[in-house]
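Structure, as structure tokens:
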Amino acid sequence: MLSIIQASGWPIWPLIACSIAALALIIERFISLQTRRVAPPKLLDEAMAVTARSLPAPDVVNQLAQNGALGEVLASGIRQLARDPRSTTEDVRAVMEGSGRAAAHRLEKYLNALGTIASAAPLLGLLGTVVGMIEIFGAQAGAGAVGHVAGGGNPAQLAHGISMALYNTAFGLIIAIPALFFWKYFRSRVDAYTLQLELASEQFLRHLSQMGRRQL
């Protein structure tokens with residue numbers, strides 16, 4: 001592996017940095033976008049149960065808010081009612097929508113960076129290819145002959161230029177393809193979670209409205 005890196009020349013180092021960053025972002029997003037961290041399956045039912053008769057105590061609401069993005073959104077509606085019992089449906093909906101937008105923004109964290117790596121890696125590989133081609137032409141120019149075929153230059157420098165071009169192209173694609181795949185995958189997960197938050201929030205708002213405890 002070290003010999004490949006050495007043969008690839010200096011353009012390989014930005015690609016290695018991109019690969020390390022992409023791997024770190026992928027691992028972080030896998031951990032952060034787990035269902036239990038975003039929208040625990042039973043959380044909505046539990047929130048509806050604790051608000052079935054009256055608004056829960058602040059410590060219960062705080063505990064609810066600690067259960068992922070969904071918990072934060074549901075807790076924001078309860079807190080709005082606790083602050084202002086005369087809040088209308090639109091007041092509570094506005095607060096929950098604001099909390100939902102903030103949660104969705106956090107879910108999208110680092111996705112732009114991962115997408116940028118997926119876009120930039122092939123370009124960095126192309127840069128290495130161009131540098132390798134320059135090495136090839138330099139090898140021929142160093143031979144002092146005009147009109148020679150490609151093998152007429154310095155063989156060692158010619159081989160180095162070819163290997164640099166091919167290795168950097170390959171590294172760029174090896175980094176870009178998985179990064180693009182995982183960016184698409186995480187993007188779809190975030191979209192699904194956002195829809196789930198919206199539907200759960202609307203259901204919870206209807207639950208609060210139907211209770212008759214507040215004039216919503």
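The values are calculated or read from the model by the stated rules, or taken from the named source; none is laboratory data. None of the values given here were measured: they were computed from a predicted structure. Methodologically, a virtual Cβ is constructed for each residue, glycine included, from the backbone with ideal geometry; neighbour enumeration extends over all protein chains shown.
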Item to check | Hey, A17 farther than 21 Å from N112 by Cβ and not β-branched (V, I, T) or not | outcome: no
Checklist entry - Regarding S19, is this residue surrounded by fewer than 13 Cβ atoms within 10 Å (Cβ to Cβ) and hydroxyl-bearing (S, T, Y)? => result no
Item to check | Verdict on F181 being surrounded by fewer than 13 Cβ atoms within 10 Å (Cβ to Cβ), assigned to a helix (DSSP H, G or I) and modelled with pLDDT of 85 or more | outcome: yes
Checklist entry - Of the residues in segment 11-39, how many are free of Cβ contacts under 8 Å to residues at least 40 places away in the same chain and closer than 22 Å to L81 by Cβ? => result 0
Next on the checklist: Residues that are modelled with pLDDT under 90, at least 1 per element: which helices (runs of 4 or more DSSP H) completely within segment 54-132 meet that?
Outcome noted: 68-83, 89-107
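How many residues does segment 16-53 contain that are part of a helix (DSSP H, G or I) and farther than 23 Å from Q210 by Cβ?
21
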Next on the checklist: S3 - would you say it is in a helix (DSSP H, G or I), exposed (fewer than 14 other Cβ atoms within 10 Å of the Cβ) and modelled with pLDDT under 90?
Outcome noted: yes
Checklist entry - Does segment 41-49 include one or more residues that are touching a Gly at 6+ places or on another chain (Cβ under 7 Å), farther than 21 Å from K184 by Cα, surrounded by 13 or more Cβ atoms within 10 Å (Cβ to Cβ) and at pLDDT 90 or above? => result yes
Checklist entry - If you check L74 against the conditions, is it among the aliphatic types (A, V, I, L, M), surrounded by 19 or more Cβ atoms within 10 Å (Cβ to Cβ) and under 16 Å from the mean Cα position of the chain (by Cα)? => result no
